[in-house]
Amino acid sequence: DTGVSQDPRHKITKRGQNVTFRCDPISEHNRLYWYRQTLGQGPEFLTYFQNEAQLEKSRLLSDRFSAERPKGSFSTLEIQRTEQGDSAMYLCASSPTSGGLDTGELFFGEGSRLTVL
Amino acid sequence: GENVEQHPSTLSVQEGDSAVIKCTYSDSASNYFPWYKQELGKRPQLIIDIRSNVGEKKDQRIAVTLNKTAKHFSLHITETQPEDSAVYFCAASGRYSTLTFGKGTMLLVSP
């Protein structure tokens, strides 16, 4: 499977614990995005990387959230001191470019579902 | 920032009927408007998109129209089939192509 892969698919944790999610984008895509989706809502943008550079972060992203893409390939999203309100599906997506221009199309992974007890 | 409103939240049609989902956006600088389909428990997948230099685009039973002056765009599905049942999200681009999504429309197609 050459699509976007995310790990773990499901994570149950107790409030106050730290969790980390990993995303492996499609190999030739240099743009990588993290979104959060709660039940009955559309995906909400969290942050965006072009190669290893984190170019934009949403105001939704509190200081407890941090994302990295150290070598411009896979990315990790860490949530520290989890709260019940962090329970959601965390979606990773990557995007190709064509002729150096962003095509705009996002290829989503299956998501990592977080449940905070 | 960009704000995208989507209506209706649920839409029930009979097989063979047409379905129309409408979205409005707030940022006049937005120039890319995709539609994603998400089946239960699955990832969102792009079904059609339109850029601001085009007013309409069609792909078989699916079409999208864009009115930049009014800042609204619509998804049209003709001859609906039960397998079209899913949640559909519209979105509009912001800076760096970050997408702002609507809240979704649950489409139910009854045989």
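The values are calculated or read from the model by the stated rules, or taken from the named source; none is laboratory data. Small disclaimer: the values here were computed from a predicted structure and weren't measured. So basically every Cβ, Gly included, is an ideal-geometry build from the backbone, and we count neighbours across all protein chains shown. Calculation scope for accessible area: heavy atoms of the full protein, side chains included, ligands and nucleic acids excluded. Shrake-Rupley method; radii C 1.70, N 1.55, O 1.52, S 1.80 Å.
Quick one: with all protein chains in place, what share of the accessible area of the protein assembly as shown is carbon or sulfur, to the nearest percent (1.4 Å probe)?
C and S atoms contribute 46 percent here.
Residue A:52 to residue A:7: FRET efficiency via 1/(1 + (r/R0)^6), r the Cβ-Cβ distance, R0 25 Å, to the nearest 0.05?
0.80
Return one whole number: the accessible area per residue of chain A in Å², for a 1.4 Å probe.
Numbers: 5980 Å² over 117 residues.
Heavy-atom accessible area per residue stands at 51 Å².
Any residues in the range B:30-60 that have 10 Å² or more less accessible area with all protein chains than in their chain alone, probe 1.4 Å, and which are they?
So the qualifying set is B:32, B:36, B:38, B:41, B:42, B:43, B:44, B:46, B:51.
Just A:37, A:80, A:17 to compare: in a GNM of chain A, with alpha carbon springs under 10 Å, which one fluctuates most?
It is A:17.
What total accessible area, in Å², is buried where chains B and A meet, using a 1.4 Å probe and rounding to the nearest 100?
Result for this pair: about 1800 Å² buried.
For residue A:64 and residue B:108, what does the FRET efficiency come to when R0 = 41 Å and r is the distance between their Cβ atoms, rounded to the nearest 0.05?
After rounding, the FRET efficiency stands at 0.60.
Rounded to the nearest 10 Å², what accessible area does residue A:81 show when all protein chains are kept and the probe is 1.4 Å?
130
Using each residue's phi in the range B:35-40, evaluate 6.51 cos²θ - 1.76 cosθ + 1.60 at θ = phi - 60° and report the 3J(HN,Hα) Karplus result to the nearest Hz, with x for Gly and Pro.
Once rounded to whole Hz, the list reads 10, 10, 10, 10, 7, 4.
Could you tell me the relative contact order of chain B? Use alpha-carbon pairs under 8 Å, at least six residues apart, and round to a whole percent.
Taking the mean separation of contacting Cα pairs over the length of chain B, I get 37 percent.
With every protein chain kept in place and ligands, DNA and RNA left out, what is the accessible area per residue of the range B:6-90? Probe 1.4 Å, answer in Å². Present the calculation step by step, with values, prior to reporting the outcome.
Working: 4470 Å² over 85 residues.
Per-residue accessible area for the range B:6-90 comes out at 53 Å².
Taking +1 at the Cβ of each Lys and Arg and -1 at the Cβ of each Asp and Glu, which of B:1, B:12, B:86 sits farthest along the dipole of chain B towards its positive end, judged by Cα position relative to the Cα centre?
B:1
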